[in-house]
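Accompanying notes for the structure given below.
The values are calculated or read from the model by the stated rules, or taken from the named source; none is laboratory data. Here the structure is a predicted model, which is why all the values come from computation and not from measurement. A quick note on method: Cβ atoms are made from the backbone with ideal geometry, for glycine too, and the neighbour counts reach across all protein chains shown.
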């Protein structure tokens, strides 16, 4: 049981990183970025190529491995942020200028998702590829009956640092005040001197950075391919809804809770690969019973 709980927690941390991107965009625009899966995929490929060219030899010191991992996190996050800004610039901003209906944004985001996914398939091929590992598998610890690997520890540390950084940025910085102002009332914020377009682009960039880093950890734990972001992004959306979409702390908690809810039942039913089924069932139940999530959904009022 302890191993399944641990697996759920560490898988949930990845969902949390992606869910924060969903929750930031929804908090500001009241829209779901359904192209966020390709932000994750872009970060995965960025990390794959960064590690491919920096880990060409197996004889790499521990210090150099740490530096390479930090570089991979930055590279994956940066590419994710750039792709997210591009999605905002070409799939969302032209529609905002014309006050397009909400459904139009959905169609535009799905179109951007298909474009980026197929572009990646053409550019990088359709076969999954294994990613070089900067985290050595020689170290593991048994905690409360669960085996915790070095990969798990690194994932926890990186996720904690990024969450604290984003939470501080949104709650205490000038950019964060602008984000919260636009989330509450974009028109009034504009009249008060807030650059709404720049603020929305910044929101996409922050969420994109988190999604790109999540893509790196997925690539390191499984493989990288053009369609790698689809299922994790849908499950991360479930995590955002569970925690309260539009609530950063809720997105973080929702990811961990979703991971636990998905993996613990596997201990009893003894049927692997049912995790997504359980996750999407949770999504339906949350939307039926508590659509605002466990922690509420307003970024402007909650942050």
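The figures follow:
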| item | result |
| --- | --- |
| Those residues of the range 109-128 which are touching a residue at least 40 places away in the same chain (Cβ under 8 Å) and either under 21 Å from the mean Cα position of the chain (by Cα) or assigned to a helix (DSSP H, G or I) (or both), in sequence order | 109, 110, 112, 113, 116, 117, 118, 120, 121, 124, 128 |
| Single unsatisfied condition, residue 94 versus (1) assigned to a helix (DSSP H, G or I); (2) touching a helix residue (DSSP H, G or I) at 6+ places or on another chain (Cβ under 9 Å); (3) surrounded by 14 or more Cβ atoms within 10 Å (Cβ to Cβ) | (3) |
| Of all residues in the range 289-303 being touching a helix residue (DSSP H, G or I) at 6+ places or on another chain (Cβ under 6 Å) and buried (at least 18 other Cβ atoms within 10 Å of the Cβ), the one that is modelled with the highest pLDDT | 293 |
| Residues (free of Cβ contacts under 8 Å to residues at least 24 places away in the same chain and more than 24 Å from residue 44 (Cβ to Cβ)) located in the range 232-273 | 265, 268, 269, 270, 271 |
| Residue ID - surrounded by the fewest Cβ atoms within 10 Å (Cβ to Cβ), chosen from residues in the range 138-152 that are closer than 25 Å to residue 249 by Cα and out of contact with any strand residue (DSSP E or B) (no Cβ under 8 Å at 6 or more places or on another chain) | 151 |
| Sole residue being out of contact with any strand residue (DSSP E or B) (no Cβ under 9 Å at 6 or more places or on another chain), buried (at least 24 other Cβ atoms within 10 Å of the Cβ) and either in contact (Cβ under 8 Å) with a residue 60 or more places away in the chain or more than 21 Å from residue 75 (Cα to Cα) (or both), chosen from 193, 207 | 207 |
| Tally, over the range 160-189, of residues that are closer than 27 Å to residue 256 by Cα, in contact with a helix residue (DSSP H, G or I) (Cβ under 7 Å, 6 or more places away or on another chain) and either touching a residue at least 40 places away in the same chain (Cβ under 8 Å) or crowded, with 21+ Cβ neighbours inside 10 Å (or both) | 9 |
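Conditions (1) closer than 29 Å to residue 281 by Cβ; (2) within 12 Å of the chain's Cα centre (by Cα), marked per residue:
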{"position": "170", "(1), (2)": "no, no"}
{"position": "187", "(1), (2)": "no, no"}
{"position": "203", "(1), (2)": "no, no"}
{"position": "224", "(1), (2)": "yes, no"}
{"position": "230", "(1), (2)": "yes, yes"}
{"position": "234", "(1), (2)": "yes, yes"}
{"position": "244", "(1), (2)": "yes, no"}
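Let's see how each residue does on (1) surrounded by fewer than 21 Cβ atoms within 10 Å (Cβ to Cβ); (2) out of contact with any helix residue (DSSP H, G or I) (no Cβ under 8 Å at 6 or more places or on another chain); (3) modelled with pLDDT of 90 or more; (4) not in a loop (DSSP other than H, G, I, E, B):
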| site | (1), (2), (3), (4) |
| --- | --- |
| 242 | no, no, yes, yes |
| 245 | no, no, no, no |
| 273 | yes, yes, no, no |
| 287 | yes, no, no, yes |
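Listed here are the residues, each with its yes/no results for (1) part of a loop (DSSP other than H, G, I, E, B); (2) in contact with a helix residue (DSSP H, G or I) (Cβ under 8 Å, 6 or more places away or on another chain); (3) under 27 Å from residue 178 (Cβ atoms); (4) without any contact (Cβ under 8 Å) to a residue 12 or more places away in the chain.
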| site | (1), (2), (3), (4) |
| --- | --- |
| 6 | no, yes, no, no |
| 9 | no, yes, no, no |
| 27 | no, yes, yes, no |
| 33 | yes, yes, yes, no |
| 39 | no, yes, yes, no |
| 43 | no, yes, yes, no |
| 59 | yes, no, no, yes |
| 70 | no, no, no, yes |
| 74 | no, no, yes, yes |
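Rundown of residues vs (1) crowded, with 24+ Cβ neighbours inside 10 Å; (2) at pLDDT below 95, yes/no style:
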{"site": "25", "(1), (2)": "yes, yes"}
{"site": "32", "(1), (2)": "no, yes"}
{"site": "39", "(1), (2)": "yes, no"}
{"site": "45", "(1), (2)": "yes, no"}
